[in-house]
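Trainee: Below you will find the structure I want to go over with you.
Any read-out appearing in this document is the output of simple, stated calculations on the displayed coordinates, not a laboratory observation. Since the model is a prediction, treat every value here as computed from it, not as a measurement. Note: ideal-geometry Cβ built from the backbone for every residue, glycine included; neighbour counts use all protein chains shown.
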Amino acid sequence: KAGVTQTPRYLIKTRGQQVTLSCSPISGHRSVSWYQQTPGQGLQFLFEYFSETQRNKGNFPGRFSGRQFSNSRSEMNVSTLELGDSALYLCASSQLQGSGNTIYFGEGSWLTVV
Amino acid sequence: GENVEQHPSTLSVQEGDSAVIKCTYSDSASNYFPWYKQELGKGPQLIIDIRSNVGEKKDQRIAVTLNKTAKHFSLHITETQPEDSAVYFCAASLGGGADGLTFGKGTHLIIQP
């Protein structure tokens, strides 16, 4: 069974640009959540999508957004990139909604903002 | 919101010895506690989890204990091997999952040959 797949794995963007990251969950999983990982702040919850609807949201500015498609695949977008957005962005999937359910992470997308 | 403290930040043990990593959480309503292992350049991998209706769970060389009264939980790895070297994260969830998982800052486990 394939795991959580994220693309692209690595990317470099310039301040002010926007970026879109993609995530394909484990087959049969309907919930997708996104986390940001940085050396200073650690792993922080961005948002969760279930059945194409954002169910939960972390404490991030509105520049961070996402969406989920009918096949459960998800994308997240960061607009007007700042240097501090440089991070590993992790997608995780689970069968059910809510972080009380077992979630499985992908390998992440490394974003560098210059 | 929930706050999770994890100690130590770095742990070095001899191969074959045991390793213990401890976490405390702040919200007594939290009821799900997973542990993740992250190797360099990879995403976190779930290694074991425990729910608040259970005090201990074991899977081969790995065990997790939970003390709800004291609001702390621990990861125990016995007979450590070189491949156990990684960063380990504990996390807590309110179960309803409104805020996602709250993670500790991580423990860098080093297994000395």
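Trainee: Using the Karplus curve 6.51 cos²θ - 1.76 cosθ + 1.60 with θ = phi - 60°, work out ³J(HN,Hα) for each residue of the range B:53-67 in order, rounded to whole Hz, and write x for Gly and Pro.
Mentor: Using θ = phi - 60°, the values come out as 8, 10, x, 7, 9, 10, 9, 6, 7, 10, 9, 10, 10, 10, 10 Hz.
Trainee: Separate question: Within 10 Å of each Cβ in peptide A:29-37, how many partner chain Cβ atoms are there on average? Round it to a whole number, please.
Mentor: The mean count of partner-chain Cβ atoms within 10 Å per residue comes to 2.
Trainee: Calculate the FRET efficiency for B:His108 and A:Asn77 from the Cβ-Cβ distance with a Förster distance of 35 Å, rounded to the nearest 0.05.
Mentor: The value I calculate is 0.60.
Trainee: Oh, and also: I need the shape label for chain A. Rule: rounded when a/c is under 1.5, else prolate if a/b > b/c, else oblate, with a, b, c from the alpha carbon gyration tensor.
Mentor: Taking the square roots of the gyration eigenvalues as a ≥ b ≥ c, chain A is prolate.
Trainee: Shifting gears a bit: Hey, how many Å between the Cα centroid of the range A:28-44 and the Cα centroid of the range B:63-91?
Mentor: 21 Å
Trainee: I've got another one for you. Which translational diffusion coefficient, to the nearest whole µm²/s, is obtained for chain B from the Stokes-Einstein equation, given a Kirkwood hydrodynamic radius over C-alpha pairs, 10 °C and 1.306 mPa s?
Mentor: Reported coefficient: 113 µm²/s.
Trainee: Using +1 at the C-beta of Lys and Arg and -1 at the C-beta of Asp and Glu, which of B:Leu109, A:Thr80, A:Gln95 has the Cα lying farthest in the positive direction of the dipole of the protein assembly as shown?
Mentor: Value computed over the given set: A:Thr80.
Trainee: Between A:Thr53 and A:Tyr10, what is the FRET efficiency for a Förster distance of 41 Å, r being their Cβ-Cβ separation, to the nearest 0.05?
Mentor: After rounding, the FRET efficiency stands at 0.85.
Trainee: Right, something else. Residue by residue through the range A:57-67, which ³J(HN,Hα) values in whole Hz follow from phi under the Karplus form 6.51 cos²θ - 1.76 cosθ + 1.60 (θ = phi - 60°), with glycine and proline marked x?
Mentor: Those phi angles translate into 9, x, 8, 10, x, x, 5, 9, 9, x, 7 Hz.
Trainee: By count of other Cβ within 10 Å, fewest leading, how are B:Lys105, B:Lys42 ordered?
Mentor: B:Lys42, B:Lys105
Trainee: While we're here: Which order do the peptides A:22-29, B:85-92 take when ranked by the mean count of other beta-carbon atoms within 10 Å per residue, highest first?
Mentor: Most protected by this proxy first, the peptides run B:85-92, A:22-29.
Trainee: Among residues other than A:Gln54 whose Cβ falls under 12 Å from its Cβ, what is the net charge (Lys/Arg +1, Asp/Glu -1)?
Mentor: Local charge sum for A:Gln54: +1.
Trainee: Going by average Cβ neighbours within 10 Å, how do the peptides B:72-78, A:31-37, B:32-38, B:46-52 rank, with the highest at the top?
Mentor: A:31-37, B:32-38, B:72-78, B:46-52
Trainee: Can you give the charge dipole size of the range A:8-114 about its Cα centre, rounded to the nearest 20 debye, using +1 on the beta carbon of Lys and Arg and -1 on the beta carbon of Asp and Glu?
Mentor: 120 debye
Trainee: Only four residue types carry charge here, +1 at the Cβ of Lys and Arg and -1 at the Cβ of Asp and Glu. Report the dipole size of the protein assembly as shown about the Cα centre in Debye, rounded to the nearest 20.
Mentor: Once rounded to the nearest 20, the dipole reads 520 debye.
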